[in-house]
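Derivation of every value follows stated rules applied to the coordinates shown; laboratory data play no part. Everything quoted here is computed from the prediction, not taken from an experiment. Cβ placement follows ideal geometry from the backbone for every residue including glycine, while neighbour counts extend to all protein chains displayed.
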Amino acid sequence: MSVVAAPDGRAAERDRTADQLAVLSGEVAVRDAALATLLSRLAVAIRQDNREEVQGYAGAIDPHAVAELLVFTRGLAWGLIDVARNVLVFAPIAVTWFGLSTATDAYEKLIAKRPDLVTRPFLLLWQEGFDGVATVMRFSTLAIVDASLIGVLIILSLLIHFRSDVRDVALRTQVLLKESELRGLIAHALSLSTSDLDLPASVELIDQMVAEERRIYERAMEREQRLFDLEATVRELRAAASDLARAAELMNGREPVGAPVRKDR
């Protein structure tokens, strides 16, 4: 009776694990159809107890990539911000060299037409429009355009750093926890498909799982420590700003806000 019950219990456990992988495949299918197909085939291989296919499909799945796919949700706005920042990096250089190219051509035409202006500074002639010999962007206009592009780049970079250093810290912790869960599920699936697994192999598998759990815990603690360090830096910046405000008030001849009132003796 017990001989029959053991295989039945193992088959039920395979079905339960296959159902979990099928649910996971449905969640992944919304974002990555190829990865969802891989997970569904792994579920079928586990249900059929096909050891070779289980090992092959399990080895092709990256738990960290799956965890990031499930946890991180990049909206269209953040995608556009990333693309805009990457493209605009070269915009100030392109605009500057285009302005210089048109300005040098206009300068050459102006000197050929009026050689007496050769003693006047190039930037001054540029700012004056090269006496109208050609249509060029004035030097001041070019400087404003470059400054505006650099300002936009600074704002976009600050937004991206805010997202990666502040907003995504908690999400990275969730990714690590989800990765640990997926690794445990895949390891369990491998153990179910291996009926003749000997004791040394079992010990090695357990050691690998324990080492992975320790690695994920250390990475989670590292993320939390970075967040604490960022908060401490913000507090220091606030204190420095308060000190600068007090120094400015003293330079203006006023008593700083919150300073004790001195009484003349």
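Structure above, values below:
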| item | result |
| --- | --- |
| Sites ARG31 and SER164, calculated FRET efficiency, Cβ-Cβ separation with R0 25 Å, nearest 0.05 | 0.80 |
| Inter-label distance for SER148 and ASP49, nm, one decimal - labels placed 7 Å from Cα along Cα-to-Cβ | 7.2 |
| GLN127-THR104 pseudo-label distance in nm [points 7 Å out on the Cα-to-Cβ vector] | 2.2 |
| Ordering of 175-186, 146-157 by packing [mean C-beta count within 10 Å, highest first] | 175-186, 146-157 |
| Sorted peptide list for 91-97, 37-43, criterion being average Cβ within 10 angstrom, highest first | 37-43, 91-97 |
| Karplus-derived HN-Hα couplings along region 116-131 (A = 6.51, B = -1.76, C = 1.60, θ = phi - 60°), whole Hz, x at Gly and Pro | 5, 8, 5, 7, 7, x, 4, 5, 5, 4, 5, 5, 7, x, 6, 6 |
